[in-house]
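The values are calculated or read from the model by the stated rules, or taken from the named source; none is laboratory data. The model shown is predicted, which means the values in this text are computed figures rather than measured ones. Quick reminder, even Gly has a Cβ in these numbers, built from the backbone with ideal geometry, and neighbours come from all protein chains shown.
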Amino acid sequence: MEVFRYSQARTVEGAVRSGGAAGSSFIAGGTTLVDLMKLNVLQPRALVDINGLALDRVEPLPNGGLRIGAMVRNSDLANDATVRQKYAVLSEALLSGASPQLRNMATTGGNLLQKTRCYYFRDTNYACNKRQPGSGCSALDGFNRIHAVLGGSDHCIATHASDMAVAMMALEATVHTQGPKGERAIALDEFYLVPGDTPERENVLLPGELITHVTLPALASGTRSRYLKLRDRAQYEFALASSAVVVNVSGGRIERARIAFGGVGTKPWRSREAEHALEGQETSEEVFRRAAEAAMADAKPLKYNAFKIELAKRALVRTLKETTQAA
Ligand SMILES: Cc1cc2nc3c(=O)[nH]c(=O)nc-3n(C[C@H](O)[C@H](O)[C@H](O)COP(=O)(O)OP(=O)(O)OC[C@H]3O[C@@H](n4cnc5c(N)ncnc54)[C@H](O)[C@@H]3O)c2cc1C
Ligand code: SF4
């Protein structure tokens, strides 16, 4: 671990000012950042601690939606009464992640910005374009079992690791920020970038731009939602494939569907193809399977991860069955 400066931000404005300095990084729960600093994967010259900011509340919005502060801990968000009742997919996704101890530390902002678990990224002995642009990608011809089948490029095929972000993608969340140029509201669908030839750029945040909160829109009454995560072991493991479903069913037909996948894409992967294949259709296994096929039509398997395509399809079919059978 390299030497670094440390300061505590008292206000959002102060955090943005300090966070904008070259080599600075915000630190929230530290569960991603400190790990990567110990491994010398990240070497910030200054840490700006944002734990003192008053961004730790979950509040209902006048329009029926929800406002989630960036410093709300993952366990608090998962157990919030409104989230459990109205946004079950989010609670389930959060509770499927990490361990209780980690969830007690991990924050909403930090979870959105957590780094990939690609083992070559985390090991400085290997070439990695994300860690060191232009050095190459060890995963392309390496052991790529955990890597992405959607959204990859010749420069990077790392998956995004967050479960929470997959649920938020299906809930059409908006990320709110404050940066050197003022406040911004960014649809989560436009927040993450696919790697292309700049895998080191993972999102649209500018240097020093702080996530202040996330908002979820109100859901129509009768909306049902669910998160299913498939992984190598039942606990304390990242997704090989996961699916988030938010649906409205009336008279046996799907009126509205929002679908996102985890574990298979280079970003939390919303599937408009699956949504189109579902909306207006009856709730049958045949329709669910067609939606799953549409979702994975552009998937590109690598040497070791082709199994993820069928796994993701089955995850979606099962999640749809479980979500709609009670409707
Ligand atoms: C062993 C282990 C298992 C895990 N398993 C899972 C899992 O199964 N599923 C899953 O989804 N996650 C998992 N995680 C990841 C965990 O959810 C994240 O580490 C956590 O959510 C990150 O939040 P944090 O507050 O600790 O972020 P930090 O480590 O503090 O920060 C992460 C990044 O976000 C930036 N940042 C933080 N807050 C802000 C903000 N408000 N504005 C701008 N930038 C900000 C930091 O600068 C840093 O770059 C696991 C982690 C570990 C260590
Ligand atoms: S997949 Fe991405 S993160 Fe992994 S080694 Fe290749 S460039 Fe690095």
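If you check Gly151 against the conditions, is it surrounded by fewer than 17 Cβ atoms within 10 Å (Cβ to Cβ) and in contact (Cβ under 8 Å) with a residue 24 or more places away in the chain?
Working: surrounded by fewer than 17 Cβ atoms within 10 Å (Cβ to Cβ): no; in contact (Cβ under 8 Å) with a residue 24 or more places away in the chain: yes.
Taking the combined requirement at face value, the residue does not satisfy it.
Anything in segment 298-327 that is among the β-branched types (Val, Ile, Thr) and in contact with a helix residue (DSSP H, G or I) (Cβ under 6 Å, 6 or more places away or on another chain)? List them, or say none. Walk me through it before giving the result.
At the first step, the residues of segment 298-327 found to be among the β-branched types (Val, Ile, Thr) are 309, 317, 319, 323-324.
Within segment 298-327, just Val317 meets the criteria.
Go through (1) surrounded by 14 or more Cβ atoms within 10 Å (Cβ to Cβ); (2) over 28 Å from Glu190 (Cβ atoms) for Glu286 and report which single condition fails.
Unmet for Glu286, out of (1) surrounded by 14 or more Cβ atoms within 10 Å (Cβ to Cβ); (2) over 28 Å from Glu190 (Cβ atoms): (1).
Which helices (runs of 4 or more DSSP H) does segment 256-327 wholly contain that include 3 or more residues that are in contact (Cβ under 8 Å) with a residue 40 or more places away in the chain? Before you say what the answer is, go through the steps one by one.
Numbers: elements: 272-278, 285-295, 307-324.
Result: 307-324.
One line per residue, one yes/no per condition, for (1) assigned to a loop (DSSP other than H, G, I, E, B); (2) within 19 Å of the chain's Cα centre (by Cα); (3) more than 9 Å from ligand 2 (Cβ to nearest atom); (4) at pLDDT 95 or above:
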{"site": "Val48", "(1), (2), (3), (4)": "no, no, yes, yes"}
{"site": "Ala54", "(1), (2), (3), (4)": "yes, no, yes, yes"}
{"site": "Glu59", "(1), (2), (3), (4)": "no, no, yes, yes"}
{"site": "Val83", "(1), (2), (3), (4)": "no, yes, yes, yes"}
{"site": "Asn104", "(1), (2), (3), (4)": "no, yes, yes, yes"}
{"site": "Thr124", "(1), (2), (3), (4)": "yes, no, yes, yes"}
{"site": "Phe143", "(1), (2), (3), (4)": "yes, no, yes, yes"}
{"site": "Cys156", "(1), (2), (3), (4)": "yes, yes, no, yes"}
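Going by the conditions given, is Ile211 surrounded by 24 or more Cβ atoms within 10 Å (Cβ to Cβ), in a strand (DSSP E or B) and hydrophobic (A, V, I, L, M, F, W, C)? Can you show your working first?
Details: surrounded by 24 or more Cβ atoms within 10 Å (Cβ to Cβ): yes; in a strand (DSSP E or B): yes; hydrophobic (A, V, I, L, M, F, W, C): yes.
When the stated conditions are applied, Ile211 passes them.
Among the residues of segment 63-82, are any near ligand 1 (Cβ under 9 Å from one of its atoms) and of a type in the set (Ser, Thr, Tyr)?
no
Tell me which of these Ala81 doesn't satisfy, since it passes every other one: (1) crowded, with 16+ Cβ neighbours inside 10 Å; (2) without any contact (Cβ under 8 Å) to a residue 24 or more places away in the chain.
Every listed condition holds for Ala81 apart from (1).
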